[in-house]
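Student: Mind looking over this structure? Questions follow.
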Amino acid sequence: MRLLDLYSASLFLLGAASAYGYPSNSCEDLALVLPNRTFFPAASTYNASIQSYPFLQLRLRPSCIVRPTSAEDVANAINILRVSNSTKFAIKGGGHNANVGFNNIDDGVTIDMQSMNKVEVARGDQVVRVGAGALWQDVYDEAEKRDLTVLGGRIGVVGTAGFLTGGGISFFSPERGWACDGIVNFEVVLASGKIVNANATSHADLFAALKGGQLNFGIVSRFDLASFPAGPIYGGRIVFGPNATTPLLSAFTKFKLGEYDPYAAGWVTVRYNHTAATFTPVSIMWYTRPAQRPGPLKAIFETKPQVVNGMVEAPISEHTRNASRQVAANPQRTIWATTSFAVSPTIINRIHTLWKQIVPEIAAQYAYAKPVAEITFQALPAPPRNGASANSLGFGPGETPEKDLVFLQIIFTFEDAAATDGFEEALKDLVKLVEGLTKEEGVFHRYKYLNFAASFQDPLGSYGGVELGRIREVARKYDPTGVFQTQVPGGFKLF
Ligand SMILES: Cc1cc2nc3c(=O)[nH]c(=O)nc-3n(C[C@H](O)[C@H](O)[C@H](O)COP(=O)(O)OP(=O)(O)OC[C@H]3O[C@@H](n4cnc5c(N)ncnc54)[C@H](O)[C@@H]3O)c2cc1C
């Protein structure tokens with residue numbers, strides 16, 4: 001009854017606005033239909049939403065922010081925004097995608113999902129139901145109360161929604177694949193305002209498309225995740241002395257070229273701090289079978305000299321909480337890009353050598369912005385196999401990206417907005433140079449992992465023409481008027 005009243009009220013208001021020949025002001029309409037969920041710039045809740053973006057460049061100023069508490073609220077908001085036709089809007093999950101405009105908007109409307117953060121374990125089937133505004137820490141804390149865990153993020157403060165709809169690399173990905181392949185059901189609000197469930201037997205095309213196609217089909221209101229028994233895992237961060245860079249990268253190369261171990265996960269990073277003029281190698285790796293540790297990570301774990309060794313055997317929730325502490329302090333501006341390549345005995349060291357030559361020069365031009373540059377190498381998960389439901393990430397069941405490929409993240413972090421354009425151009429140049437190197441060595445791979453791709457890259461295109469065609473069709477079927485293509489300017493688009 002209540003929903004019907006709200007919906008009728010919205011249609012009446014919108015009808016009245018257009019009858020008088022002026023476009024409706026969506027924020028006022030939203031405030032009437034969702035009175036305790038719509039916030040304007042003077043409200044403390046509005047400012048809390050803006051402050052919750054972890055990177056400064058994401059703190060845009062929408063005309064109003066809607067914080068739905070249910071799928072019906074999301075549907076009411078979409079109905080108003082769709083009918084307005086001209087109001088631009090953005091959707092925020094955990095707000096951790098670094099691209100400006102992907103999860104927030106100046107002047108338009110931002111739907112901030114953070115109040116939809118309920119996590120519950122469904123009795124009987126042990127499926128973990130995750131509201132699309134939940135952060136990974138919420139999920140692990142709740143699931144572990146039942147000794148369960150899921151395929152999720154490795155840093156607790158990161159959001160579930162962007163992570164899962166972009167793919168998602170978890171502690172258990174070497175063994176169990178992409179986190180999105182652990183989803184058994186999406187509850188989705190379509191552009192029409194209809195709420196549907198997408199799973200292996202209902203809207204199976206949408207089910208596959210949402211696993212990698214992100215914000216092109218609807219707003220996910222809930223994820224139902226398959227769970228498995230939780231146990232402690234061994235790992236964490238090691239900060240090495242600068243002389244350890246070459247041995248660390250060689251150890252990572254050997255690990256990737258050696259026999260595949262489904263229990264070894266994580267990444268290695270080299271960080272350059274221009275102000276301090278230091279290069280710091282770091283590994284953040286885990287062995288998910290602690291009794292058999294360190295497995296093939298031995299050479300990495302024993303690389304010397306070590307400055308800080310944070311390796312512990314602990315529950316997942318403790319690893320993700322520790323990792324959050326390392327990233328939460330002192331928000332900055334950051335830009336990222338990615339590229340992938342087949343691992344070879346030489347390529348990782350060659351990329352590092354190239355990067356090390358170039359970044360001090362780039363950073364020197366913007367020294368006032370106190371830049372920090374990073375490169376990170378990590379493995380990709382396996383595609384679904386043996387009849388498991390498809391995702392849209394573009395790898396066939398016969399391919400073995402988990403063994404063959406490594407992806408690179410290239411990052412600049414800095415304090416001053418004036419340096420943004422300069423670093424963005426430098427990032428484009430660095431991607432070109434690295435890809436020149438990988439092409440020259442014959443190890444370039446087209447795949448760009450969406451969750452780390454820059455807005456100037458084309459991760460959806462990198463899934464390949466057949467997959468792209470398939471998800472375009474799904475978008476046209478579920479959003480025939482293209483609301484998510486035209487009224488939502490942020491995110492990677494299909495047409
Ligand atoms: C510190 C840090 C650690 C990370 N660790 C990992 C890691 O371990 N593994 C990994 O794979 N990735 C990792 N990432 C990358 C991460 O997957 C992306 O940043 C991802 O976008 C985070 O999800 P979010 O909900 O916070 O994103 P948001 O920025 O909120 O959203 C990203 C995109 O998804 C859309 N979106 C948000 N909510 C919805 C919804 N309900 N329905 C439809 N579309 C929606 C947004 O509009 C936006 O376009 C990490 C990132 C950071 C900053």
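Student: Determine whether Ala198 is free of Cβ contacts under 8 Å to residues at least 40 places away in the same chain, closer than 30 Å to Pro401 by Cα, of a type outside the set (Phe, Trp, Tyr) and out of contact with any Lys or Arg (no Cβ under 8 Å at 6 or more places or on another chain).
Tutor: Spelling it out, Ala198 is indeed free of Cβ contacts under 8 Å to residues at least 40 places away in the same chain, closer than 30 Å to Pro401 by Cα, of a type outside the set (Phe, Trp, Tyr) and out of contact with any Lys or Arg (no Cβ under 8 Å at 6 or more places or on another chain).
Student: Let me confirm something: among Ser202, Ser227, Ser250, Ser170, which residue is within 16 Å of the ligand (Cβ to nearest atom) and of a type in the set (Ser, Thr, Tyr)?
Tutor: Going through Ser202, Ser227, Ser250, Ser170 in turn, just one is within 16 Å of the ligand (Cβ to nearest atom) and of a type in the set (Ser, Thr, Tyr): Ser170.
So that you can scan it fast, the table gives a plain yes or no per residue for (1) open to solvent by 10 Å² or more (accessible area, probe 1.4 Å); (2) under 19 Å from Gly193 (Cα atoms):
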site	(1), (2)
Ala31	yes, yes
Tyr46	no, no
Ile50	no, no
Tyr53	no, no
Val66	no, yes
Asn85	yes, yes
Ile111	no, yes
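Student: I've got another one for you. Could you tell me whether any residue of segment 430-443 is in contact (Cβ under 8 Å) with a residue 12 or more places away in the chain, surrounded by 18 or more Cβ atoms within 10 Å (Cβ to Cβ), under 15 Å from Ile335 (Cα atoms) and away from the ligand (no atom under 16 Å from the Cβ)?
Tutor: yes
Student: Can you spot a residue in segment 451-458 that is over 27 Å from Val189 (Cα atoms), of a type outside the set (Lys, Arg), away from the ligand (no atom under 16 Å from the Cβ) and surrounded by 14 or more Cβ atoms within 10 Å (Cβ to Cβ)?
Tutor: No - not one qualifying residue is present in segment 451-458.
Student: Same structure, new question: Evaluate the following for Arg176: is it more than 12 Å from the ligand (Cβ to nearest atom), surrounded by fewer than 21 Cβ atoms within 10 Å (Cβ to Cβ), within 28 Å of Arg325 (Cβ to Cβ) and not assigned by TED's automatic domain parsing to the domain that holds Glu399?
Tutor: yes
This table checks each residue for (1) within 20 Å of Gln409 (Cβ to Cβ); (2) part of a helix (DSSP H, G or I); (3) without any contact (Cβ under 8 Å) to a residue 12 or more places away in the chain.
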site: Ser317; (1), (2), (3): no, yes, no
site: Arg321; (1), (2), (3): no, yes, no
site: Arg325; (1), (2), (3): no, yes, yes
site: Thr339; (1), (2), (3): yes, no, no
site: Pro345; (1), (2), (3): no, no, no
site: Leu354; (1), (2), (3): yes, yes, no
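Student: Identify all residues within segment 75-108 that are over 12 Å from Val33 (Cβ atoms) and hydrophobic (A, V, I, L, M, F, W, C); write none if there are none.
Tutor: Matches in segment 75-108: Phe89, Ala90, Ile91, Ala98, Val100, Phe102, Ile105.
Student: Any chance segment 360-367 includes a residue that's small (Gly, Ala, Ser), closer than 23 Å to Ala453 by Cβ and over 24 Å from the mean Cα position of the chain (by Cα)?
Tutor: Within segment 360-367 (the criterion being small (Gly, Ala, Ser), closer than 23 Å to Ala453 by Cβ and over 24 Å from the mean Cα position of the chain (by Cα)), the answer is yes, since at least one residue qualifies.
Student: In segment 68-100, which residues are free of Cβ contacts under 8 Å to residues at least 60 places away in the same chain and either assigned by TED's automatic domain parsing to the domain that holds Ile219 or away from the ligand (no atom under 13 Å from the Cβ) (or both)?
Tutor: Thr69 - this is the single residue of segment 68-100 that is free of Cβ contacts under 8 Å to residues at least 60 places away in the same chain and either assigned by TED's automatic domain parsing to the domain that holds Ile219 or away from the ligand (no atom under 13 Å from the Cβ) (or both).
Student: Which residues, taken from segment 128-155, are open to solvent by 20 Å² or more (accessible area, probe 1.4 Å) and away from the ligand (no atom under 13 Å from the Cβ)?
Tutor: Answer for segment 128-155, where residues must be open to solvent by 20 Å² or more (accessible area, probe 1.4 Å) and away from the ligand (no atom under 13 Å from the Cβ): Arg129, Asp141, Glu142, Glu144, Lys145, Arg146, Asp147.
Student: Still on this model: Name the pairs whose Cβ atoms lie under 7 Å apart, with the first residue in segment 116-134 and in a loop (DSSP other than H, G, I, E, B), the second among the β-branched types (Val, Ile, Thr) and within 16 Å of the ligand (Cβ to nearest atom), and 6 or more positions between them or separate chains?
Tutor: Close Cβ pairs satisfying both conditions: Met116/Thr69; Ala132/Thr160; Ala132/Val220; Ala134/Val119; Ala134/Thr160.
The values are calculated or read from the model by the stated rules, or taken from the named source; none is laboratory data. Treat the numbers as computed from the prediction; the structure is a model and nothing was measured. Counting neighbours? That spans all protein chains shown, and the Cβs are built from the backbone with ideal geometry, glycine included. We work out accessible area using only protein heavy atoms, side chains counted, and drop any ligands, DNA or RNA first. Shrake-Rupley method; radii C 1.70, N 1.55, O 1.52, S 1.80 Å.
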